[in-house]
Amino acid sequence: MLELKKQSLSETFSIYIDKRMIKILLLGAISGFPWVLIGSSLSLWLKEEGLSRSTIGWAGLIFSVYAFNYLWAPLIDRLQIPVLTKKLGHRRGWIVLMQIAILVCLIIWSFINPTENLTLLIMIGLIIAIASSTQDITVDALRIEQIGENEGKSMAAGAAMAVVGWWSGYKLGGMIALLTAEYLENIGITNYWQITFLILGIIIILMSIGLMFVHEPILTDRSLKQKETDKLIENKLGSKNIITSIVAWISGTLGGPIISFFKKNGFSIAIGILGFVFLFKIGEAFLGRMSIIFYKEIGFSKGDIAIYSKTLGWITTVVFTLLGGLFVIRSGVLKAMFLAGILMAATNLLFTVLAWSGKSELLFAIAVIFDDMAAAFATVAFVAFISLLVDRTYTATQYALLASIGTAGRTTLASSSGTLVDWLNGDWGIFFILTAIMVIPSLICLWFIKDKLRIREK
């Protein structure tokens, strides 16, 4: 049952002042920045090298690893990194290791020619995606663990700050990438994208330094509960030896989080939750995957995209994420989810207007503002929703499972976005109408389960 107690506007705003929110903001930026590398930057790099829309769209399949990171999330919850865990803590040790991996990949990218080594380039992009998705598991767990289990309103505020951080890392990082690439191109450097990726590597290093100011809570209870599950399984096996201990550990690690989720919600509601999570952001993903290609084809430069889509988009995102967080806190996460779905569908239609009207900086700005507004609102509501569903015994695993299912719809299906545009003979207007329609099935799914969700907000 959903319970919500109203509070004054000043009380609502005061939640954002909590120093924990600054730490969550940084964690969000760490999570969002890698998407700059394998998203807009990679897409535009391939576009400027003369590759087709379909090729660029299918290259986006590297994002599909985000849909499957729940498979190794249980190991992230339990395995410790030699040396790093002891010095930095369980969560921070994993994050630093993944950032090192991303940095190495960027260095390798700086030596690759896309037209000659496309396969190698995509493989390195895949490694970045794996490292980034693994990092996300740990970042989300560390973010949730910054807030007490019964602090529902703080969790909603934390979700808002995490989204602001994510979009800050993505939008501002994208602005830096595009402006750097354009500057290097204008001064006559031929391999400007390769050098740009090296410069972006410096940001990775700075984020790792900033991570040291995010202290990791000591959660001994989590480890104890995990061991209790292992013992329970071992006792049911009927004997105690090395083999049964290994089987119990593996079964508890992999099966415990899933059993806990279905036990808490019930089978039918759990399936409904998973269906909604999978479908909710498919339309947004189709639009996002092709947006930068659309901007380029309609006649906007890298500088225009940096200003309108990245800089202006970032400001809009920050403002409406915080406002979205306030709405979630005061009105509840379910109302926010329904409103977000409607906003996403409506704003996608603005791109249809832009496509059929032709190049217009005014329409471009309007479309970007409202799209980022809807995306920000939807994301903060979505993050708060799944954050309230997780069991703290399996924080990383359950959040990763839910987030991965959401990502599955956005990445695997959206990889066909370029093919869809080609099938429509480049009719961007119809394409954006279809992206608006894609949100409807998720809202239908949410409507059927809304009264039976076991979410408590305080």
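No lab work stands behind these numbers, since they all come straight from the coordinates. Since we're looking at a predicted model, the values are computed, not measured. Quick reminder, even Gly has a Cβ in these numbers, built from the backbone with ideal geometry, and neighbours come from all protein chains shown.
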**Asked** So what J values fall out for region 373-389 if you push phi through Karplus, 6.51 cos²θ - 1.76 cosθ + 1.60 with θ = phi - 60°, rounded to Hz, Gly and Pro as x?
**Response** 4, 5, 5, 5, 4, 5, 5, 5, 5, 5, 5, 4, 4, 6, 5, 6, 8
**Asked** So between Ile195 and Ala101, what do we pick up on full extension, going 0.36 nm a residue minus the alpha carbon distance?
**Response** 32.0 nm
**Prompt:** Taking Cα centroids, how far is region 270-340 from region 48-112 in Å?
**Reply:** 23 Å
**Long-range HN-HN contacts of Gly332 with modeled amide H, under 5 Å** = none
**Item:** Residues Cys105, Cys445, sorted so that the one with the fewest Cβ neighbours within 10 Å comes first
**Value:** Cys445, Cys105
**Asked** Among 281-290, 183-192, what's the highest-first ranking by average C-beta atoms within 10 angstrom per residue?
**Response** 281-290, 183-192
**Request:** Only Cα pairs under 8 Å and at least 6 apart count here; give the relative contact order of region 73-158 as a rounded whole percent.
**Result:** 30 percent
**Message:** Please list 3J(HN,Hα) in residue order for region 348-361, calculated via the Karplus relation 6.51 cos²θ - 1.76 cosθ + 1.60 where θ = phi - 60°; whole Hz, with x for glycine and proline.
**Reply:** 4, 5, 5, 6, 4, 4, 5, 5, 7, 8, x, 4, 8, 5
**Ranked His90, His215, criterion: other C-beta atoms within 10 Å, fewest first** = His215, His90
**Prompt:** How large is ³J(HN,Hα) for each residue in region 328-337, as worked out from phi by the Karplus curve 6.51 cos²θ - 1.76 cosθ + 1.60 (θ = phi - 60°), to whole Hz, x for Gly and Pro?
**Reply:** 4, 4, 8, 10, x, 6, 5, 4, 5, 5
